[in-house]
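Data block below; observations after.
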Amino acid sequence: MIRLDPATANLAPPTVPGWALETVGVPHDADAAFRAGAALASLDSLARAQPAWAGAWRQRLALKCAAASMRLAGRAENEAALRDAWQLCPAGADPGPAGAIFGAWRQLALQPPAVSTDRLAKVTETLGLAWDDEAFADLCKEIEEVAGSPRPAPFAAAAIAAHVVAIRPEAELLAWWLADLVLAQSLRWPRSVPLLIVQAFGPAFRIEGGGGKRIRPGEKGFEHAVCLALVQAAAEACRLATELSRRSEKLLAVTPKLRAKGAGDVIFLLLNEDAVPGSLTTKNLSRFAARRLFERLQQLEAVRELSGRPTFRLFGL
């Protein structure tokens with residue numbers, strides 16, 4: 001059964017104002033913060049809502065953040081490889097380092113933006129880092145203080161990222177993960193929206209005349225760069241929302257034409273996941289029935305095949 005908030009089930013995706021996107025040559029922090037505020041205001045209603053495709057939207061953003069994390073971690077996996085690492089891993093098995101990092105971003109998108117020493121310990125381990133209990137307790141306190149401070153949300157996100165890198169320079173992945181969490185806390189969003197790390201190697205963090213060097217957390221100009229990065233990140237998230245909204249409308253429109261007993265389970269997963277394996281089985285759906293159902297959905301142009309393979313196929317909006 002697909003339960004949606006009637007007030008937001010058909011939410012029209014917002015857009016970031018064109019003037020806010022004009023970030024080239026923005027010299028002052030106040031100007032950058034103003035543009036970030038406008039972009040986040042556009043994203044705010046979407047982050048609080050529960051349209052039919054909200055789960056798939058957050059998980060697709062998590063995948064993009066995981067792919068950006070690969071570059072930071074010195075790995076080569078792209079979005080397709082990360083999908084495979086996660087979706088083709090047997091239940092309970094180790095998805096490998098890349099799949100584990102993807103799992104950390106998925107968790108960020110799924111859970112409320114709250115922290116505890118236990119959650120930090122698990123996330124840190126998933127990201128391939130090591131830390132001790134005392135450090136986690138101190139970090140929880142710092143997150144609480146930063147998120148609860150009167151400073152604007154982009155500056156709070158920048159502050160926690162800078163704090164993490166200052167005490168553990170090798171923990172930049174965790175710094176970006178926590179930046180999104182603190183941003184959500186500061187804005188009182190019910191779930192985090194994975195955003196910032198995708199921009200880490202983009203123009204906002206590029207040092208002018210620096211020969212390709214980027215501004216890392218805590219370095220001069222980092223807060224300014226975070227503000228500009230959030231403008232671009234919010235715009236990309238809104239564009240993705242528009243795309244998924246259109247695709248989900250088509251999926252929901254063809255749902256009454258589906259006769260498979262377990263079709264409702266598949267529709268629910270497609271609306272809430274980045275990808276669904278074509279070999280899915282449920283208590284109401286055999287593997288053979290699932291294959292026929294996905295073939296039918298493809299014929300109706302209601303889903304896309306994401307892997308490009310003839311076998312072990314993955315489907316999504």
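Note that segment 146-152 has calculated 3J(HN,Hα) couplings of 5, 5, x, 6, x, 5, x Hz, one per residue in order, obtained from phi through the Karplus relation 6.51 cos²θ - 1.76 cosθ + 1.60 (θ = phi - 60°); glycine and proline are x. Remark: segment 114-218 carries a charge dipole of roughly 540 debye about the Cα centre, counting +1 on each Lys and Arg Cβ and -1 on each Asp and Glu Cβ.
Ranking PRO51, SER116, ALA104 by Cα position along the charge dipole of the chain, where only Lys, Arg, Asp and Glu carry charges on their C-beta atoms, puts PRO51 farthest toward the positive end.
Global dimensions of segment 49-179 from alpha-carbon coordinates: Rg and Dmax equal 15.1, 45 Å. How would you classify segment 258-316 from its alpha-carbon gyration tensor, with a ≥ b ≥ c the square roots of the eigenvalues: rounded for a/c under 1.5, else prolate if a/b is greater than b/c, otherwise oblate? In terms of gyration-tensor shape, rounded. Each of LEU183, GLN298, GLY212 was scored by the projection of its Cα onto the charge dipole of the chain, and the greatest displacement toward the positive side belongs to GLN298; charges sit on the C-beta of Lys, Arg, Asp and Glu.
Electrostatic tally near SER149: other residues with Cβ closer than 15 Å to its Cβ, Lys and Arg +1, Asp and Glu -1, net -1. Working from Cα pairs under 8 Å separated by at least six residues, relative contact order for the chain is 22 percent.
Each Lys or Arg adds one and each Asp or Glu subtracts one; over the other residues with Cβ under 13 Å from the Cβ of ASP265, this totals +1. Coupling constants for segment 168-179 follow from the phi torsions by the Karplus curve (6.51 cos²θ - 1.76 cosθ + 1.60, θ = phi - 60°), and in residue order they are 9, x, 7, 9, 5, 4, 5, 4, 5, 4, 6, 4 Hz; glycine and proline get x. Remark on ARG206: its backbone amide H falls under 5 Å from those of ILE215, a criterion applied only to residues 5 or more positions apart or on other chains, H modelled at 1.01 Å from N. Derived scalar couplings between HN and Hα for segment 300-317 equal 7, 6, 9, 9, 10, 8, 9, 8, x, 9, x, 10, 6, 7, 10, 10, x, 5 Hz in order, rounded to whole Hz, by the Karplus curve 6.51 cos²θ - 1.76 cosθ + 1.60 (θ = phi - 60°), x for Gly and Pro. Ordering PHE315, PHE102 from the fewest to the most neighbouring beta carbons within 10 Å gives PHE315, PHE102.
The helix-based estimate of mean residue ellipticity at 222 nm for the chain, built from -39,500 (n - 2.57) per DSSP H run of four or more residues and divided by its residue count, is -18500 deg cm²/dmol to the nearest 500.
The residues neighbouring ILE207, those whose beta-carbon lies less than 12 Å from its own, together hold a net charge of +3 under the Lys/Arg +1, Asp/Glu -1 convention. Note on GLU145 and GLU170: the extension gain reaches 6.7 nm, defined as 0.36 nm multiplied by sequence separation minus the Cα-Cα distance. Report, by chain and number, residues whose modeled amide H sits under 5 Å from the one on GLU77, excluding near sequence neighbours (fewer than 5 apart, same chain). Answer set, sorted by chain and number: none.
Where a number appears in this text, it was derived from the coordinates with a stated rule and is not lab data. In this text, all values refer to a predicted model and were calculated from it rather than measured experimentally. Neighbour counts are summed over all protein chains in view; Cβ atoms, including those assigned to glycine, are modelled from backbone coordinates with ideal geometry.
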